[in-house]
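Peer 1: Can you read through this structure? Questions will come right after.
Derivation of every value follows stated rules applied to the coordinates shown; laboratory data play no part. What you see is a predicted model, and the numbers here were worked out from it, not measured in a lab. Because the Cβ atoms are built from the backbone with ideal geometry, glycine has one as well, and the counts that use them run over all protein chains shown.
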Amino acid sequence: MALVTERPRAAYDLTQIRRGYLLWGRHRTWNEGKAGFVTTATEDQLIIQYYPGVGNVTNHFIIPVSEAAEGQWEIRWSADMAEIQEHGMKADNGQQEGDGKEDDVGGIDS
């Protein structure tokens, strides 16, 4: 039996995303996504800085590759907004979630 084994693992493709890119992300537990820019991109995680709407303050969120690989994040990113890439969350029924435009009009029953 070998002492060291090699196993495939999930990793961000750093040719697709890098520091300075614009990114919008929404975790499955969030009602709304947050838009910001990538401050750190490694094979294991992305760190995104965003403006939370409070004066002269910034904040950040982290997207671990393990959570992105499990489909817990809906992510859109771009280097220049001319071309937008997506990595999406799956809905409970197994279909790709839409663009946020729901048929529900503010909870009004028809």
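Peer 1: How would you rank 25-36, 69-80, highest first, on the average number of other Cβ atoms within 10 Å across their residues? Kindly include the intermediate steps, with their values, before the conclusion.
Peer 2: Numbers: 25-36: 14.0, 69-80: 16.2.
Per-residue mean Cβ counts within 10 Å order the peptides as 69-80, 25-36.
Peer 1: At what distance in nm do the modelled label points of V54 and T15 sit from each other, each positioned 7 Å from its Cα along Cα→Cβ?
Peer 2: 4.1 nm
Peer 1: A further question on this structure: Dividing the convex hull volume of the Cα atoms of region 22-87 by its residue count, what figure in Å³ per residue is obtained? Walk me through the numbers on the way to the answer.
Peer 2: Numbers: hull volume 6.1 nm³, N = 66.
Dividing the Cα hull volume of region 22-87 by its residues yields 92 Å³.
Peer 1: Below 13 angstrom from the Cβ of S66, what's the summed charge of the other residues (Lys, Arg +1; Asp, Glu -1)?
Peer 2: Values: positive: R9; negative: E43, D44, E67, E70.
Computed value for this residue: -3.
Peer 1: Same structure, new question: For the modelled label position 7 Å from the Cα of Q72 along Cα-to-Cβ, which residues of region 24-61 have backbone nitrogen atoms closer than 15 Å?
Peer 2: Correct set: 26-31, 44-47, 61.
Peer 1: Okay, moving on. What does the charge add up to near A35, with Lys and Arg as +1, Asp and Glu as -1, over the other residues with Cβ less than 13 Å from its Cβ? Intermediate results must be reported in sequence, preceding the final value.
Peer 2: On the way: positive: R26, K34, R76; negative: E32, E74.
For residues surrounding A35, the net value is +1.
Peer 1: Check which residues have an amide H placed less than 5 Å from G88's amide H, if you skip close sequence neighbours.
Peer 2: Long-range HN contacts for G88: I75.
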